[in-house]
Amino acid sequence: MSRSAQSAVLLLALIAFFPRGAAGAEKWGTGALMVIVEREAGGVTVVDSVRHRVLGRVGGLGVMHHASISFSRDARWAFVVTRDGWLNKVDLLELRIENRVRVGASTIGLTVTQDGRRVAVSNYDPPDIRIYDIESLAELAVIPALREKEGTTIPSRTVGLVNAPENLLIFSLMDADGIWVVDAGKPGFPVVKKFWDVGRMPFDGVLSSNGRTYVAGFFHSPWMARIDAWKLDGVSRVSLNEPGKSYDKHPVLKIPHLKGWSEAAGMIFAPVVGEKRLAVFGAADGGFVRSIPLVGTPVFAVARPDGREIWVNFSGDDADTIQIVDVESLSVAATLKPGKRIFHMTFTPKGEAAYVSANKSDQVVVYDTATRKELERLPILRPSGIFGTDRAHKFGL
């Protein structure tokens, strides 16, 4: 075979080996993508966060109100769970749906196990947790969320589902005041711990960045529940209030999601339900540090990857505003007005840029975090949640 023929064969082999991008000859990696929920359009837009440009979109996913996204460990696949109970496996190189299965009638969250072999979803209806094979999406387990109390069986919506070290899954039972721990590394996926009466009506849960501390928030209890995921030896309470001090209450128009809480400089920054402040407490001991006054009732508090700043958005009349909290001084350092109805924020993996969804403006605004200057305004129809593929390598997500 001539050298030119050998070169032609090699070229054809390379073309066959490497997957084609959605645009044909164009290729991209998956390490720094943003997958952005199109809240009203039933799809996602995929953005290259290195060049800040739209690569394409994937539609036909389901009802995207409160849609959530997790990723395979190699960031090839995005797992998108919709409010109406569809689990979609999306190919981020081909920008298409690889597979989809119905996992419930009303689904609220999902996570991928530490070993990358399973994807778990949490349901409102039916009241359970379900576990699926990450390759085929075959159903492996259904774990009903039930409590027997005083001769009555209480079914519960499930919230705050996270993956934790040693292949644990931790979640809260919204209607049964409990927190359960599942061992997803053992045959049958046993529930290894059940903690009851942790607080009234948990609405979400979050895991610390090292995977050790799980915290649940409550609608009707003035504390948070804290569990040591290494020991699983009990539940402690963490106060969001400075001892002896009360705070003004405001109408709750949008619930702060605990997965929008942030950890920086050894502290947790928590938006308080119905109050115009962040509560700051120690990540290691849960001790109250201080409150940071804000312009409105916060929804998400998102830490820059270097931990230097916390970016906060709001509900109601202040939904067009972002405030930036300086972690060193524990005070507001800047206020931005990106657009109408700011739904979500996230950062590029090393934090040089911030992505902000302005839902009513049909734009995602990209900021340089060093200068706070706009870099781009990406036209995206009714954007909401923004999920970076770097989440594939973090506990709890």
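Here are a few things to note about the model shown:
- Test for Leu258: is it closer than 12 Å to Ser172 by Cβ, crowded, with 16+ Cβ neighbours inside 10 Å and at pLDDT below 85: yes
- Here Asp317 does not qualify as at pLDDT 90 or above and under 25 Å from Glu352 (Cα atoms).
- Scope segment 32-50; condition part of a loop (DSSP other than H, G, I, E, B) and surrounded by fewer than 20 Cβ atoms within 10 Å (Cβ to Cβ); matching residues: Ala32, Glu40, Ala41, Gly42, Val50
- Condition check for Val81: among the β-branched types (Val, Ile, Thr) and over 24 Å from Leu375 (Cα atoms): yes
- The set of residues in segment 327-370 being closer than 25 Å to Arg277 by Cα and among the β-branched types (Val, Ile, Thr) consists of Val327, Val332, Thr335, Ile342, Thr346, Val356, Val365, Thr369.
- Residues being surrounded by fewer than 19 Cβ atoms within 10 Å (Cβ to Cβ) and of a type in the set (A, V, I, L, M) - total across segment 156-193: 2
- The listed residue being open to solvent by 20 Å² or more (accessible area, probe 1.4 Å) and farther than 24 Å from Asp228 by Cα, out of Val90, Val101: Val101
- Strands (runs of 3 or more DSSP E) wholly inside segment 51-134 containing at least 2 residues that are farther than 29 Å from Ala353 by Cβ and modelled with pLDDT of 95 or more: 86-91, 96-102, 106-112, 118-125, 128-133
Table: residues versus (1) among the small types (Gly, Ala, Ser); (2) open to solvent by less than 30 Å² (accessible area, probe 1.4 Å); (3) modelled with pLDDT under 95; (4) touching a helix residue (DSSP H, G or I) at 6+ places or on another chain (Cβ under 8 Å).
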residue: Gly286; (1), (2), (3), (4): yes, yes, yes, no
residue: Arg304; (1), (2), (3), (4): no, yes, no, no
residue: Gln323; (1), (2), (3), (4): no, yes, no, no
residue: Arg341; (1), (2), (3), (4): no, no, no, yes
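Residue-wise test of (1) within 26 Å of Thr213 (Cα to Cα); (2) open to solvent by 10 Å² or more (accessible area, probe 1.4 Å); (3) at pLDDT 95 or above; (4) aromatic (Phe, Trp, Tyr).
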{"residue": "Arg290", "(1), (2), (3), (4)": "yes, yes, no, no"}
{"residue": "Val295", "(1), (2), (3), (4)": "no, yes, yes, no"}
{"residue": "Gly351", "(1), (2), (3), (4)": "yes, no, yes, no"}
{"residue": "Pro383", "(1), (2), (3), (4)": "no, no, yes, no"}
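- Of the residues making up segment 116-123, none is touching a residue at least 24 places away in the same chain (Cβ under 8 Å), closer than 15 Å to Trp28 by Cβ and not hydrophobic (A, V, I, L, M, F, W, C).
- Each residue in segment 354-381 was checked for being touching a Leu at 6+ places or on another chain (Cβ under 9 Å) and either assigned to a loop (DSSP other than H, G, I, E, B) or open to solvent by 20 Å² or more (accessible area, probe 1.4 Å) (or both), and 4 of them qualify.
- Considering segment 225-255, the residues that are modelled with pLDDT of 85 or more and more than 25 Å from Asn167 (Cβ to Cβ) include one that is least open to solvent (accessible area, probe 1.4 Å), namely Val238.
The values are calculated or read from the model by the stated rules, or taken from the named source; none is laboratory data. This one's a predicted model, so the numbers in the text were calculated from it and none came from an experiment. When we count neighbours, we look across all protein chains shown, and the Cβ atoms used for this are built from the backbone with ideal geometry, even at glycine. Just so you know, the surface numbers come from the protein's heavy atoms only, side chains and all, with ligands and any DNA or RNA stripped out. Shrake-Rupley method; radii C 1.70, N 1.55, O 1.52, S 1.80 Å.
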